[in-house]
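One structure is given here, and the rest of the page talks about it.
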Amino acid sequence: MSPSPFAALQSVENRLVPAAFDGLKPDWLLEIAPATSPSPSLAFDRCRLLFNDDGYCWPFRSHLDELPLDSESVPAVLLRHLWQPGLTADPLPEVLRILKPGGSLVSVSANPWHAGAWRELGRSAMWLPSWPHFQLLHARLRLDLSVPPRARWQGLVPGLTAVLVLVARKPARPARIRPLVFRRPTVMPPSGAVSQCRAA
């Protein structure tokens, strides 16, 4: 398998991804990333789901948009470079399905407006999502979006940052409140003989 086309951007990613998890304390996270891409260092337990150039996953054989995981079973997901050229799957609806209500999603993509992406990919960098499109991909699924402070202003200037990082949260399920139902009171029939009292 060929090296990841984003290997040259790894040092930038290693700085930005841990910062995106500031304030998030999941029990563990699922990282979905190219098989040839080294993981950034994080302080959480993680399971890695790796995909190849054809969009097939390891450690099980499935497509990125057909994950054999239970619905609402994963507390946090880190998506890295799922939008690289050549991948046709749309993984976000499937990721939203497996993510627990209130769970966190951190998405990473190379910036098509940055010279580093063009050096790695050439003209195919145009197939990567730009900053507005990257946000729209997540917003269409009604995820609550936030942007790490450092990336907020960098993403607004085309070509300033080599890696786009977006933090999203799946809305928590509202608590189910059941209305109180009172039963009609029942009047019990008198029991035993009625005693009579006479005044002396």
Exercise. Given the conditions (1) without any contact (Cβ under 8 Å) to a residue 24 or more places away in the chain; (2) under 24 Å from S124 (Cβ atoms), which single one is not true for P38?
Worked result: (1)
Exercise. With (1) in contact (Cβ under 8 Å) with a residue 40 or more places away in the chain; (2) hydrophobic (A, V, I, L, M, F, W, C); (3) under 20 Å from A20 (Cβ atoms) as the list, and V147 as the residue in question, which single condition is left unmet?
Worked result: (1)
For this session: Look through the stretch 119-138, keep the residues that are in contact (Cβ under 8 Å) with a residue 60 or more places away in the chain and among the charged types (D, E, K, R), and return whichever of them is surrounded by the fewest Cβ atoms within 10 Å (Cβ to Cβ).
Result: R119
For this session: Please enumerate the residues belonging to the stretch 70-84 that are buried (at least 16 other Cβ atoms within 10 Å of the Cβ) and either at negative phi or part of a strand (DSSP E or B) (or both).
Result: V74, P75, A76, V77, L78, L79, R80, L82, W83, Q84
For this session: Please verify whether the stretch 22-44 includes one or more residues that are in a helix (DSSP H, G or I) and either modelled with pLDDT of 85 or more or not β-branched (V, I, T) (or both).
Result: no
Exercise. Only one residue in S71, S104 is among the small types (G, A, S) and under 17 Å from L16 (Cβ atoms), so which one is that?
Worked result: S104
Seminar exercise, completed: Considering only helices (runs of 4 or more DSSP H) wholly within the stretch 89-147, the ones with at least 3 residues that are within 21 Å of E72 (Cα to Cα) and out of contact with any helix residue (DSSP H, G or I) (no Cβ under 7 Å at 6 or more places or on another chain) are 92-98
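Can E66 be described as charged (D, E, K, R), surrounded by 15 or more Cβ atoms within 10 Å (Cβ to Cβ) and either outside any strand (DSSP E or B) or over 15 Å from the mean Cα position of the chain (by Cα) (or both)?
It is false that E66 is charged (D, E, K, R), surrounded by 15 or more Cβ atoms within 10 Å (Cβ to Cβ) and either outside any strand (DSSP E or B) or over 15 Å from the mean Cα position of the chain (by Cα) (or both).
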Exercise. Quick one: how many residues across the stretch 85-97 are surrounded by 12 or more Cβ atoms within 10 Å (Cβ to Cβ) and over 19 Å from A20 (Cβ atoms)?
Worked result: 6
For this session: Could you list, in sequence order, all residues of the stretch 47-57 that are exposed (fewer than 14 other Cβ atoms within 10 Å of the Cβ) and modelled with pLDDT of 85 or more?
Result: C47
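The values are calculated or read from the model by the stated rules, or taken from the named source; none is laboratory data. Bear in mind the structure is a predicted one, so any value in this text is a computation, not a measurement. When we count neighbours, we look across all protein chains shown, and the Cβ atoms used for this are built from the backbone with ideal geometry, even at glycine.
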